[in-house]
Every structure is written in C-alpha cells, then in structure tokens.
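K.L.:
First, the structure itself, so that you have it in front of you.
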Amino acid sequence: MKLLVINGPNLNMLGIREPELYGKADYSALETLVRETCRAENIDVDIFQSNHEGAIVDAIQAARTRCDAIVINPAAYTHTSIAILDALKAAALPAVEVHISDISQREAFRHISYPGLACVKTIMGQGIDGYRQAILFLKEHLNRL
Ligand code: CA2
C-alpha cells in the first residue's frame, strides 16, 4: 500500500502557537507519528506540506497513478478550496480528511469543508492522533474493497 499524507498551509507551524487549539506537538512530531504508524502497518508513505493551493492540487494529481490512498488536512483551504475538492474527485482515490481541532465547535466559517465532500471519512478533534486513526481506517478500507 502506498499512501500520500498532505498537510496544508501553516501546519508546519504546529507547536509554535495556539497549543490550546492544536496541542503541543510540533510538525516533526506529526511526521514521526505518521512514519511510525506506517512502518508498523507496512505502508509506504510520502508526507507533503505546502502553503500553496496549486501545489496541493499538483500533489493530488500526481498521486492519482502513484498512490492507493490519501490522508489530507487541507488546513484553511478546507473552508475555501473547490480546486482541492475537484482534484480529489479527479484522483478518485479513497481519501480521509483530518483536522487536529474540532472544526464543528469553532467559528461558523470552519463548519463547511469542500474537500471533505470527496472524502470517505472525516476525523476531527483528536489532535495529531487523528492522522494515525486515518491511516488505520484507510488500510482497513482498502482491504474491504
Ligand atoms: O484543525 C485543523 O487541523 C485545521 O485544519 C487547522 C487549520 C485551520 O485553518 C482549520 O480550520 C482547522 C490551521 C492550521 C494552522 O495551524 C497553526 C498551528 C500553529 C500556529 C499557527 C497555525
């Protein structure tokens, strides 16, 4: 199984500010959690972070023929990006959306997720453990197909 994990804008700042929202773990702790989960599950993983919408669209398009599944935290693009939604639809890979915070309990503008409309599952409010849960879900999901 080949997995792509995508993180959107400012997630590279994790641990630097707003620990009450996003926890104390920094971005390298997130990467370590993803890599260790994938090693234990025998999953080949690439981790990609970008602050640029088009770069995220490019990464999803490239994954279409190279990967079996996607974990994506589109960050602020969650609430704006029809381009990322369209790219996920075009890639037609099983994707799980992860949010570190519980976006349903935050400002109204965070309640809508465009990319989530193309995802088989959304995990929110679980901190960085949501990434581990998303990876385990996708492994099971692919086994069921
Ligand atoms: O809860 C999540 O994972 C979010 O995707 C995080 C985004 C936010 O815009 C979404 O509504 C929910 C923000 C990521 C930025 O993270 C920072 C972390 C530390 C310092 C500054 C930003």
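The values are calculated or read from the model by the stated rules, or taken from the named source; none is laboratory data. Computed from a prediction, not measured in an experiment: that's the story for all the values here. We place every Cβ from the backbone using ideal geometry, glycine too, and count neighbours over all the protein chains shown. Side chains are part of the model used for accessible areas, which takes the heavy atoms of the whole protein and leaves out ligands, DNA and RNA. Shrake-Rupley method; radii C 1.70, N 1.55, O 1.52, S 1.80 Å.
K.L.:
Within segment 78-99, count every residue that is within 15 Å of the ligand (Cβ to nearest atom) and open to solvent by 50 Å² or more (accessible area, probe 1.4 Å).
P.N.:
Final tally of qualifying residues: 1.
K.L.:
Which condition breaks for residue 64 when tested against (1) farther than 20 Å from residue 119 by Cα; (2) more than 14 Å from the chain's Cα centre (by Cα)?
P.N.:
Here residue 64 clears every test but (1).
K.L.:
For the list (1) of a type outside the set (Lys, Arg); (2) in contact with a Ser or Thr (Cβ under 8 Å, 6 or more places away or on another chain); (3) part of a strand (DSSP E or B), I need the number of the one condition that residue 123 fails.
P.N.:
With respect to (1) of a type outside the set (Lys, Arg); (2) in contact with a Ser or Thr (Cβ under 8 Å, 6 or more places away or on another chain); (3) part of a strand (DSSP E or B), residue 123 is out only on (2).
K.L.:
Give me a count of the residues in segment 126-145 that are assigned to a loop (DSSP other than H, G, I, E, B) and of a type in the set (Lys, Arg).
P.N.:
Number satisfying all stated conditions: 0.
K.L.:
Considering 46, 68, 102, 26, which residue is more than 10 Å from the ligand (Cβ to nearest atom), of a type outside the set (S, T, N, Q), without any contact (Cβ under 8 Å) to a residue 60 or more places away in the chain and surrounded by fewer than 19 Cβ atoms within 10 Å (Cβ to Cβ)?
P.N.:
Of the residues listed, the single one that is more than 10 Å from the ligand (Cβ to nearest atom), of a type outside the set (S, T, N, Q), without any contact (Cβ under 8 Å) to a residue 60 or more places away in the chain and surrounded by fewer than 19 Cβ atoms within 10 Å (Cβ to Cβ) is 46.
Okay, residues lined up against (1) surrounded by 15 or more Cβ atoms within 10 Å (Cβ to Cβ); (2) within 16 Å of the ligand (Cβ to nearest atom); (3) basic (Lys, Arg); (4) at pLDDT below 95:
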{"residue": "35", "(1), (2), (3), (4)": "no, no, yes, no"}
{"residue": "58", "(1), (2), (3), (4)": "no, no, no, no"}
{"residue": "113", "(1), (2), (3), (4)": "yes, yes, no, no"}
{"residue": "124", "(1), (2), (3), (4)": "yes, yes, no, no"}
{"residue": "128", "(1), (2), (3), (4)": "yes, yes, no, no"}
{"residue": "133", "(1), (2), (3), (4)": "yes, yes, no, no"}
{"residue": "145", "(1), (2), (3), (4)": "no, no, no, yes"}
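K.L.:
Look through 63, 40 and report the one residue that is of a type outside the set (S, T, N, Q) and touching a strand residue (DSSP E or B) at 6+ places or on another chain (Cβ under 8 Å).
P.N.:
On inspection, the qualifying residue turns out to be 63.
K.L.:
Answer with yes or no whether residue 53 is more than 10 Å from the ligand (Cβ to nearest atom) and in contact with a Ser or Thr (Cβ under 8 Å, 6 or more places away or on another chain).
P.N.:
So residue 53 passes the test.
K.L.:
If you scan segment 10-23, which residues turn out to be under 15 Å from the mean Cα position of the chain (by Cα) and more than 7 Å from the ligand (Cβ to nearest atom)?
P.N.:
Passing the criteria: only 12.
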